[in-house]
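Data first, discussion second: the structure below is written as structure tokens.
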Amino acid sequence: KLIGIVILFIAGKSYGFSLTEIGFVKGRVLRSLSKGVIFGLCIFVLAYAAEIMIILMQGKLEALDLYVSAYSVNGAVGAQTGILFFAICIAGNIINVIMEEGIFRGLFQKMLEKKYSFLPSAVIGSVLFGLWHVMAPARSYYDGAMSLNGFIANAILLSVTSGLVGFQFALITKLTGNLYMAMGYHFVNNTIVNMLHVVSST
């Protein structure tokens, strides 16, 4: 992801886009980031409440667990609760958000808008963002941790949901005129999903 950030800035410069044009606008950075974080937290309170209520009604709720799903070079290493893993997860998500928002809602959007209007550009960028997330189940399948059917189901689910969320981020970027609110929301989305887990008996 760090290499992705370097590529983002090199590509942006080579295509003649300034950081401001990509969406890294000067001013109101913390305010916009804060709005994204607050918006994301509100969404996730509602989403987790709905999930917990459904599982409670089924009588299958066991716990709300806080841990980091960690990865090593050769695959998953399970649930980690050490403070270092939480710090790495947060730092990794900050880097991830800068790279993904900068590329998909910044650079790609601007490149596509040279030829298309906002809406088709946002749809194309969101489809690419969805396909980008197929790599996680592909890795699990390659590692032997997932069956072919599991890979196909997960790839479809992740590409569709990530594409829809990507479109939401594109709309937020369009409405605010910068990447920061979408980055704040994206950070909350990834961090909560990485750390806060609803555990059922099944």
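Give, rounded to the nearest 20 debye, the magnitude of the charge dipole that the chain has about its Cα centre when Lys and Arg contribute +1 at Cβ and Asp and Glu contribute -1 at Cβ.
Values: 13 positive and 8 negative charges, 156 e Å.
With Lys and Arg at +1 and Asp and Glu at -1, about 740 debye.
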Worksheet item: Between the range 5-70 and the range 126-184, what's the alpha-carbon centroid distance in Å?
Response: 13
Response to the item:
Put 48, 67, 141 in order of accessible area, largest first, probe 1.4 Å, and you get 141, 67, 48
Fill in: Net charge over other residues, Cβ less than 13 angstrom from the Cβ of residue 109 (K, R count +1; D, E count -1)
+1
Worksheet item: Between 167, 39, 129, which gets the highest mean-square fluctuation from a Gaussian network model of the chain, Cα cutoff 10 Å?
Response: 39
Response to the item:
In vacuo Debye sum over C-alpha of the range 99-202, base-10 log of normalised intensity I(q)/I(0) at q = 0.11, 0.12, 0.20, 0.23 Å⁻¹, listed in q order, is -0.40, -0.47, -1.02, -1.18
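Could you please put 108, 169, 17 in sequence from largest to smallest accessible area, using a 1.4 Å probe? Walk me through the intermediate numbers first.
Working: 108 60, 169 0, 17 30 Å².
In descending accessible area the options line up as 108, 17, 169.
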Practice prompt. Please give the net charge around residue 187, taking every other residue with its beta carbon less than 14 angstrom from that of residue 187, where Lys and Arg add +1 and Asp and Glu add -1.
Written response: +1
Item to complete: Select from 162, 34, 117 the residue whose mean-square fluctuation is largest in a Gaussian network model of the chain (Cα-Cα springs shorter than 10 Å).
Response: 117
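Tell me, Kirkwood radius of the chain from alpha-carbon pair distances, in Å? Don't jump to the answer; show the numbers that get you there.
Values: mean 1/r = 0.0546 Å⁻¹.
It is 18.3 Å.
The values are calculated or read from the model by the stated rules, or taken from the named source; none is laboratory data. Keep in mind it's a predicted model, so treat the numbers as computed, not measured. Please note: Cβ atoms are built from the backbone with ideal geometry, for glycine as well, and neighbour counts cover all protein chains shown. Accessible surface areas use protein heavy atoms only, side chains included; no ligands, DNA or RNA. Shrake-Rupley method; radii C 1.70, N 1.55, O 1.52, S 1.80 Å.
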